[in-house]
Amino acid sequence: MKTKKLPTKRQLLMTSALVVALFPQQLLAEVKLNGFASIRGTSVSSDGGLEPFPGFEEGELSFKPESLFAIQAQADLGAGLSATVQLFGEGRTDFEVEARWAYLSYQLNDSHRLSAGRFANPIFHQSEYEKVGYAHNFSRLPKAVYIDFEFSTIEGIALDSQFNLGDYSLSTKVLYGGWSGEAFSAVTNNFVDFGMDNIFSANATLAGDWWQLFGGIFAAEIDGASIDSSTVFPLATPGMNLAQNMGATAAQVNDFKSRIGWDGKDAFYWFSGFAVDYNNWLVDFEFVDYVVEDSTDAPNQSWYLALGHRFDKVVLTLHTEDYAQDADHDFLNGVAHPVLLATGKGINNAFAQREFDGVGLSVRYDFHPSAAIKVDYFNGSDTRPAVGDYEIVSFGVDLVF
């Protein structure tokens, strides 16, 4: 078992200095501090020997993959203006502290709030609070949907709105921004430079006394030059060389490259679902669909369904989830050369190689008003031979403060 690496004295001093620098002494009395943490031990085993998700450690119990902490400072600057900073660290990155959120907000009126800076990207329904384990009953939100997207935080502007509709409430969010960083590729099992420009998203949640209906969309232009040069084009090079040797023209090859590349293509995501909390019975369902259009990316269709029951301070949750990819060769329509056509289909099939599903059982015990003990068992199957069937067992504490 590996020991958990705690934040160093230097990191803590840097954190304190950042808070003081952002919020001058005369405002410290008006700064609200809160945070959340998860201290969780996780054991993963797979038939193929490869961990099913990046950051996990196959074959041993570890407290690094799913332990984290965050401290959030919010300063009320008066006249509807506020500033928020969230300092965040995860065990999988040796608890290196980063400013995950840093934004200004202005309350336009009772219904609308405008924010600008770096904040959560609401890709799906619970993406904004994905890291706050205390906010849900799972040890981790179902990976089929919440697969730990690297672009979970972005820089931009957002408008949050709240409306009262008689016995119902409606909350909406519209956002514009961008992101750049690294993204995990299941094709190479490595991280590559990646980016998204002109991100636009909109989502809405309609709620009654015991139910919620929600949905949203997310679109962006892909900055994918690195994934093209490191993954897509190298996979295509042997086929393109063979095609040229068999008479393919330069124009045909260039057209083919423009079809298989990701750079400059549009990504489109959408989600929908519902939640029920009635007489201590809990039901949650979410379906998501996303793809980089007109490229070798494979369309993703994923979902989870959870049934739970609340027994006073204990919540028992059983859920099933499914992550599926379907090869779609429509982007190759018009490619006449048989070798180029076969090469494009082969790359698309490679990007569609990863599928997984499984069933999980979670137990939550609220032993404290601000903390919950959770124990979780998940059994799944991954189509990648290096993973195969796998199990995840975890236990720990989620808390807010």
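Values quoted throughout were computed directly from the atomic coordinates according to the rules given, and no laboratory measurement underlies them. Quantities reported herein were computed from a predicted structural model and do not represent experimental measurements. Using ideal geometry, Cβ is built from the backbone for each residue, glycine included, and neighbour counts are taken over all protein chains shown.
Of note:
- Stretching the chain fully between residue 345 and residue 326 yields a gain of 5.7 nm (0.36 nm per residue, less the alpha carbon separation).
- With the simple spin-label model, which puts each label point 7 Å out from Cα in the Cβ direction, the residue 198 to residue 112 separation comes to 2.4 nm.
- 3J(HN,Hα) couplings calculated from phi for the range 131-144 with the Karplus curve 6.51 cos²θ - 1.76 cosθ + 1.60 (θ = phi - 60°) are, in sequence order, 7, 8, x, 5, 7, 9, 9, 8, 5, 9, 4, x, 5, 4 Hz; Gly and Pro show x.
- In plain terms, the chain from residue 167 to residue 250 could stretch by 23.5 nm, reckoned as 0.36 nm per residue minus the Cα-Cα distance.
- Of all aspartates and glutamates in the structure, the ones whose alpha carbon falls short of 13 Å from that of residue 265, not counting any fewer than 8 places away in one chain, are 197, 221, 223, 228, 293, 294, 297.
- Between helix 233-245 and the chain: long-axis angle, C-alpha atoms, 0 to 90°, nearest 10: 10
- For the pair residue 225 and residue 33 in one chain, pulling the backbone fully straight at 0.36 nm per residue adds 65.0 nm over the alpha carbon distance.
- Phi-based couplings in Hz for the range 217-232 (Karplus 6.51, -1.76, 1.60; Gly and Pro marked x): 10, 8, 10, 7, 9, 7, 9, x, 4, 5, 5, 5, 6, 9, 10, 5
- Note on residue 209 and residue 370: with the Förster distance fixed at 30 Å, the Cβ-Cβ geometry gives a FRET efficiency of about 0.75.
- Long pairs among 143/374; 173/313; 32/313; 64/374; 131/374; 131/173, criterion Cα-Cα beyond 24 Å: 173/313; 32/313
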